[in-house]
């Protein structure tokens, strides 16, 4: 007995809360087509989007279509048993294509546009990356930035010591373009993370908004991405060991930052305390000297000295 086959049917119904224009755009992105090419699917008549699918494949395609906002459904295909004699003695009949018919399915193949995993593109605005890969790529970019800044700092010290004005100007120009390149790459990484959430890459501009830009990167790290395909493509591949190691390095960096901040704070408090003690000691010494000067015994006149030099008279002898 042959395996049951299924087809996916759509009659123009949308999922609750989905705008029809958004659904058309999402469906056009899924089929890699224009919006005008999928508008005929929204005329209210049942349209078969895909035929001859197994139950597993049908569920996969149905989930991908529902991610666009349309409410498609799975229906069983009518089973047709062909004998071997029919296959040999009857030539297959191909129906003429009707591109203008509202019942004709889109020309794009859903299976070809929905790979299991998306292709990673670190230097691009297309594609999707998860939270760990977002951390790992950001760590690589940070390490490269630190290394380049260290090299430029050493070169700058050498140029300053040699009084090379032209070298300083050239180094400043190169540093500016390198910083610009690192900035662009960081935007690309953030945009791909937004795509994994199903959000537009233009939301990256929220990083520039005061107060919101402080918490928006934390939001990208907290929210999980879509497990299935969305309008930006298939889900990213599973995280490799290198991705996990690089993302865990952020914990080391954060720990070092906290330890350094605590050590700097303790050192600053200790210096302030020593300065306070030193200033208090200096002010106290001046006061003591002033008191000693003021409390010295007054000068004794000659009459008082002569009187004090006479021997005392014993009252008993008188």
Single residue of 286, 245, 259 found to be modelled with pLDDT of 85 or more and either farther than 30 Å from residue 143 by Cα or more than 18 Å from the chain's Cα centre (by Cα) (or both)
259
Going by the structure shown, is residue 155 modelled with pLDDT under 85, closer than 20 Å to residue 187 by Cα and either in contact with a helix residue (DSSP H, G or I) (Cβ under 8 Å, 6 or more places away or on another chain) or surrounded by fewer than 11 Cβ atoms within 10 Å (Cβ to Cβ) (or both)?
no
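Listed here are the residues, each with its yes/no results for (1) in contact with a helix residue (DSSP H, G or I) (Cβ under 8 Å, 6 or more places away or on another chain); (2) under 23 Å from residue 116 (Cβ atoms); (3) surrounded by fewer than 17 Cβ atoms within 10 Å (Cβ to Cβ).
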| position | (1), (2), (3) |
| --- | --- |
| 195 | yes, yes, no |
| 200 | yes, no, yes |
| 211 | no, no, yes |
| 219 | no, no, yes |
| 224 | yes, yes, yes |
| 228 | yes, yes, yes |
| 231 | yes, yes, no |
| 240 | no, yes, yes |
| 248 | no, no, yes |
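The values are calculated or read from the model by the stated rules, or taken from the named source; none is laboratory data. Not measured: the values here are computed from a predicted model. So basically every Cβ, Gly included, is an ideal-geometry build from the backbone, and we count neighbours across all protein chains shown.
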